[in-house]
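S.K.: Here it is, the structure, as structure tokens.
What follows draws every value from the coordinates through simple rules; no lab data is involved. No experiment lies behind these values; they were computed from the predicted model shown. Cβ atoms come from the backbone with ideal geometry, glycine included; neighbour counts cover every protein chain shown.
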Amino acid sequence: MLLNYLDLAIVAVYLLVIFYAGYRMKKYVSGIGDFLVAGRSMGFHLGLLSMMCTEIGMITYVYYAEMGYKAGFVALMVAFAPFFAYLLLGRTGFIINKLHEMKIMTIPEFFSITFSKGVRLYIGILMAVGGILNFGVFPGVEANFINTLTGIPHEYVLFTMAGMLLLVLLYTLSGGMVSVIFTNYLQYALLSFGMIFITVYGVYKIGWGNIVEVVTQNYGEKGINPFYPSAIEGEFGIGFIVWQLLLWVALLAGWQAVSMRLFSSKDSRTGRRIYAWSGLLFLSRSVLPVFWGIMALAYLGPDVNSLDSLSLMLTKLLPGGILGLILAGLLAASMSTYASYLLSWSSVLSQDVINSVIKMISGKEPAPRTQLFISRGAMVAVTLFIIWWSLFHKIEGFLYFYLNMTGMLFIPSTLACIVLGIYWKKSNTAGAYVAITVSLAPPMLYLFMPEPFKTAHASTLGWGGFLLAFAGMIIGSVVKNKWSFTKIRNQS
């Protein structure tokens, strides 16, 4: 065991506080609206912290550090797309104003209102599949990280996964989104301390000159210039930038774990402010972990497993007594992410798939208590699946690209349908079906494509998915409108 008694005490106290807080929040949950969107009462400051904590987990640090470790300084390009996307939506209210005004709890509800119940069920299934496959690698990656950081033998990774998920499941089942939001204050304090300390202490111990020299020695110009050998051919060049900008605008509108913050805010103005200021926080969220990966390259050399580089560096670099605080901060990050993701994808599975099927069969909505029961049952089912998926799925290529591509199963079509559904009056159900279907091709191709083709073609498949989605929505809608016009004219 690499933790001393002080480290263990810090982690234990933190876990007790989090569990007690989640349990106490149960009395504020009286229905499905409280459980999923906290009664739509979240203010700006808490919403901002909650957004940041939700989208930072151990896996966030691991996949960004892996990019820095394997690519060098050019990996910092991933930091700027979320910054500009948050700023765009937050300052203009593009898409998000309308979504908040609709008083929906899940994104597929938009499809039911704007298009049809069938489209809602279709996109709901893809969201559930894509979101759960995305979430499915979290436990394995993070349990492996914890075991490396603490010195627990890796053959016990299943027990680490089960312990983390059980704790999160219990306090989230009790208080839902109220529990998640309430505990974010403590989590953010620990996150801030950990991120600043690792960065400052790491540069002090390793040395800035050594960090730059190692990147140059291992990767040459490719590790520093994102447009090497050209802006078109570079792995982090123009194609990557276009893909990431489209992806992040889509994620902010259609990624349930993020949009739940919008739906939980007390009004649309608060939601816009949360988005606008989140851009700055997300810039540091990306830049610092990527830089940690570069530090790990300088500190450990190029021969360790890239997914283990950050945890190995922390165990060797951090002084005694600090490791417990860092681990508590990392656990804080992951627990918030797990709780939000469990709520998000179980809510899509329960509200937009199971409840939709029940309504189609019975002709009426399930009772509120039944909906709450189904949501909690879906949460348990998702938990069991992600444990299984983490144990048996092998990740190839960048972990960051895998996470992007599982989201791409529904994110491009979601953006196309939301944008054109709101701003183009000629959009229709046929266009939505076509957009959802054709945009499945690029991510499916990526997921079944072997390495090294995954990394080489990820950007092209990425922006190509959005191109197909918008083209499918426009072409499908135009063809349906012309067919309907011709049918009416013939009948008259």
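S.K.: Skipping prolines and chain starts, which residues have an amide H placed within reach, meaning under 5 Å, of the one on Ser265, given they are 5 or more residues away or on another chain?
M.R.: Met42
S.K.: In straight Cα distance, which aspartates and glutamates are under 19 Å from Lys117, not counting same-chain residues fewer than 8 positions off?
M.R.: Hits, sequence-local ones excluded: Glu109, Asp352, Glu365.
S.K.: Take the cross-link list Lys70/Lys205; Lys364/Lys482; Lys103/Lys425; Lys98/Lys222; Lys98/Lys359; Lys103/Lys394 and give me the ones stretching past 31 Å between alpha-carbons.
M.R.: Lys364/Lys482; Lys98/Lys222; Lys103/Lys394
S.K.: Output the Cα-based Rg and Dmax of the range 318-374 in Å, rounding Rg to one decimal and Dmax to a whole number.
M.R.: Final numbers for Rg and Dmax: 19.2, 62 Å.
S.K.: Each residue of the range 385-399 in turn: what ³J(HN,Hα) in whole Hz from Karplus with 6.51, -1.76, 1.60 and θ = phi - 60°, glycine and Pro shown as x?
M.R.: For the range 385-399, the Karplus-derived couplings read 5, 5, 5, 4, 5, 5, 6, 10, 8, 9, 8, 10, x, 5, 4 Hz, x marking Gly and Pro.
S.K.: Kindly put Glu142, Glu155 in sequence by how many other C-beta atoms sit within 10 Å of each C-beta, fewest to most.
M.R.: If I rank by nearby Cβ atoms, fewest first, I get Glu155, Glu142.
S.K.: Right, next: First select every other residue whose beta carbon is under 11 angstrom from the beta carbon of Glu235; then total the charges, Lys and Arg +1, Asp and Glu -1.
M.R.: +1
S.K.: Right, next: Starting from the Cα of Leu445, step 7 Å along the direction of its Cβ; do the same at Ile113; then give the gap between the two resulting points in nm.
M.R.: Label at Leu445, label at Ile113, 3.5 nm between them.
S.K.: Rounded to two decimals, what is Rg over Rh for the range 408-492 when you use alpha-carbon atoms and the Kirkwood radius?
M.R.: 1.15
S.K.: Going by how many other beta carbons lie within 10 Å of each one, how would you line up Lys426, Lys454, Lys359, fewest first?
M.R.: Listed from fewest to most nearby Cβ atoms, that is Lys426, Lys359, Lys454.
S.K.: Also, quick follow-up: Can you list the aspartates and glutamates whose alpha carbon is less than 18 Å from that of Lys316, not counting same-chain residues fewer than 8 positions off?
M.R.: In chain and number order, the partners are Asp7, Glu66, Asp303, Asp308.
S.K.: What is the spread of the Cα atoms of the range 290-344 along each of their three principal axes, largest first, in whole Å?
M.R.: 40, 26, 16
S.K.: Going by alpha carbons, how many degrees (0 to 90, nearest 10) lie between the helix axis of 268-300 and the longest principal axis of the chain?
M.R.: The two axes meet at around 40 degrees.
S.K.: Then there is this: Please find the FRET efficiency linking His154 to Tyr204, where r is the Cβ-Cβ separation and R0 is fixed at 30 Å, and quote it to the nearest 0.05.
M.R.: The computed FRET efficiency comes out at 0.45.
S.K.: Rg and Dmax in Å for the chain, alpha carbons only: what are they?
M.R.: 22.5, 85
S.K.: Please give me the summed charge of the neighbours of Ser477: other residues whose Cβ is under 15 Å from its Cβ, Lys and Arg +1, Asp and Glu -1.
M.R.: +4
S.K.: Something else: For helix 80-92, report the angle its Cα long axis makes with the longest principal axis of the Cα atoms of the chain; keep it between 0 and 90° and round to the nearest 10°.
M.R.: Between helix and principal axis, roughly 40 degrees.
S.K.: Arrange Leu310, Leu6, Leu88, Leu99 by Cβ neighbour counts within 10 Å, fewest through most, would you?
M.R.: Leu6, Leu88, Leu99, Leu310
S.K.: Once all Cα-Cα distances of the range 344-492 are split into 10 Å bins that start at 0, what whole-number percent is in each one?
M.R.: The distribution over the range 344-492 is 10, 26, 30, 25, 8, 2, 0, given as percents.
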